[in-house]
Amino acid sequence: MEQGQPAVDVFVVGGGPAGLAAAIAARGRGLRVVIADGAIPPIDKPCGEGLMPDGIDALQKLGVEIPSDDIYPFRGIRFVNGTGEAEAVFPGGSAYGIRRTALHRILIEHAFSCGVTMLWQSAVTGLHPDGVLVAGKLVPARSIVGADGSSSRVRRWAGLDGHKKKNLRFGFRRHYHVAPWTDFMELHWGNCQRDACQIYVTPVGPEEICVALISSNPHLRLDEALNEFPGLAARLAHAAHASTERGAVTVSRTLRRVYRGNTALVGDASGGVDAITGEGLCLAFRQAALLADCLADGNLARYQAEHRRLIRRPALMARLMLLMGNHARLRQGAMQIFAVRPRSFSALLSLHVSDTSARGNLANGIALGRQILKA
C-alpha cells in the first residue's frame with residue numbers, strides 16, 4: 001500500500017440489504033470494504049417479503065444464492081378487487097417469499113465470506129474530508145457509500161437532499177400461522193375510510209404468510225383495514241399471529257443528484273419508488289452492482305446517469321399502479337380488461353419484472369395505459 005493511502009477503499013454506511021449488496025459488489029471488484037451500522041443483526045424491516053424473479057437474478061449476479069430451506073416459491077401475482085380477480089404467471093420463473101431477517105442473515109454470511117469488514121453497533125456520526133467519523137473517530141476511506149435508508153443522514157451530510165418529487169405512504173406488516181391457500185402473491189385493492197389502500201399476502205413458509213398493508217393514512221392498522229376486505233378477513237379469522245404488527249414508511253423520492261465528490265447513495269437513500277411495486281430490493285441490488293463498477297473505475301458521473309435509467313421502469317409501474325389504486329372506477333375498468341384479455345395482465349406483469357429495453361417498456365406501458373383509460 002502506498003504511503004498515505006487509506007486502508008479502506010469503500011466505507012458503506014448502513015448494513016441493510018442495499019448496503020450489504022453494495023459491499024459484496026465492491027469486494028467483487030477487488031476493493032477493500034468496511035460496512036458499519038448502529039444496529040444488531042439480523043435487521044428486520046416491515047415489508048411484503050416477496051423477492052421478485054428479477055431481484056433473484058440480480059442477487060445471483062452478485063454471487064448470492066439463497067438456500068431452499070429459507071424460501072417459499074410462488075409463481076405469479078393475483079389482483080383481487082372485491083369479487084373480481086386477475087392473475088398471471090411470472091415470465092421468467094418463480095419468485096420467493098422470504099422472511100426479511102433470513103435474507104439479511106444470508107447477505108451477512110456472503111459478505112463475510114467475501115472479506116467485507118463489518119462493524120455492528122457502530123454508529124457513523126458524520127463525514128470527513130478523509131473518510132467517515134465512527135463514534136467521533138476518523139476512519140480514513142477513499143469513497144463513501146450512503147445506504148442508510150429513506151431518512152439517510154449521509155444524504156443530508158453530503159448535501160444531496162434536494163429532490164424533484166416526494167411522496168409518503170405507510171406500511172404495517174404481520175405474519176400469520178396459516179398454510180398458504182395459493183401459490184400466487186395476492187394484492188388486494190380497497191378503500192379504507194376514503195383512503196386508497198392495498199394489502200399484500202405473501203406465502204413465506206408452508207404454514208406461514210406475510211400480510212402487509214400500505215396506505216396514505218399513518219393511523220390505519222391491519223385489524224381495522226381488514227374490515228374492508230371481508231374475504232381476506234374470513235381467511236385470517238382463526239389464524240394465530242406469528243409476529244407482532246410493525247410499521248414503516250415507504251417513500252417515493254426522485255433526487256436531483258445521487259453523488260457528490262467521493263460520496264454516493266444507494267438503495268432507499270438514493271430515492272425510491274412506492275412499495276406497491278415490490279421492486280425495492282431488486283432496484284437496490286442492481287444499483288449496488290452498478291455503483292461497484294463505477295467506484296472501481298473512478299467514474300461516479302456514470303453512476304448518476306445510469307441510476308436514472310435503472311429507476312425508470314419501476315417508477316413507471318409505480319405511477320400506473322398508484323393511479324389504479326387511487327381511482328376505483330379506473331381500477332374496475334382495468335380489472336375488466338384483465339378478465340376479458342388475460343394476456344394484457346400477463347403483459348403488465350412481464351413489464352413489471354422483466355429487464356427489457358427502456359423503449360420497449362415505454363411502448364408497453366403506454367399501450368396498457370391507453371387500454372385502462374379507455375375502459
Karplus (6.51, -1.76, 1.60) ³J(HN,Hα), θ = phi - 60°, over segment 139-148, in Hz, Gly and Pro reported as x: 10, x, 8, 6, 9, 10, 10, x, 10, 9
Enclosed volume per residue, in Å³, of the convex hull spanned by Cα atoms of segment 126-219: 196 Å³
Burial ranking of peptide ranges 38-45, 172-179 (average Cβ count within 10 Å, highest at the top): 172-179, 38-45
Radius of gyration, Dmax [the chain; alpha carbons; angstrom]: 20.7, 70
Kyte-Doolittle at least -0.5, axis length at least 20 Å by Cα - qualifying DSSP helices, the chain: 100-114, 280-297, 300-326, 358-374
Per-residue [θ]222 nm for the chain (sum of -39500 (n - 2.57) over DSSP H runs n ≥ 4, rounded to 500): -11500 deg cm²/dmol
Whole-angstrom gap from segment 118-173 to segment 39-70, using each part's C-alpha centre: 22 Å
Amide H partners (placed H, <5 Å) of Val8, local residues excluded: Arg142
Built amide H within the under 5 Å cut-off of Gly82, gap 5+: Trp189
Long-range amide H partners of Gly271 with built H, under 5 Å: none
Vicinal HN-Hα couplings computed from phi for segment 158-172 (Karplus, 6.51 cos²θ - 1.76 cosθ + 1.60; Hz; Gly/Pro x): 7, x, 10, 6, x, 9, 8, 9, 8, 8, 10, 9, 10, x, 9
Karplus-derived HN-Hα couplings along segment 239-245 (A = 6.51, B = -1.76, C = 1.60, θ = phi - 60°), whole Hz, x at Gly and Pro: 7, 6, 6, 9, 7, 7, 6
Fluctuation leader among Val12, Val273, Val340 - the chain, Gaussian network, Cα springs under 10 angstrom: Val340
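Throughout, read-outs are computed from the coordinates displayed, never taken from laboratory work. What you see is a predicted model; the values in this text were computed from it and never measured. Because the Cβ atoms are built from the backbone with ideal geometry, glycine has one as well, and the counts that use them run over all protein chains shown.
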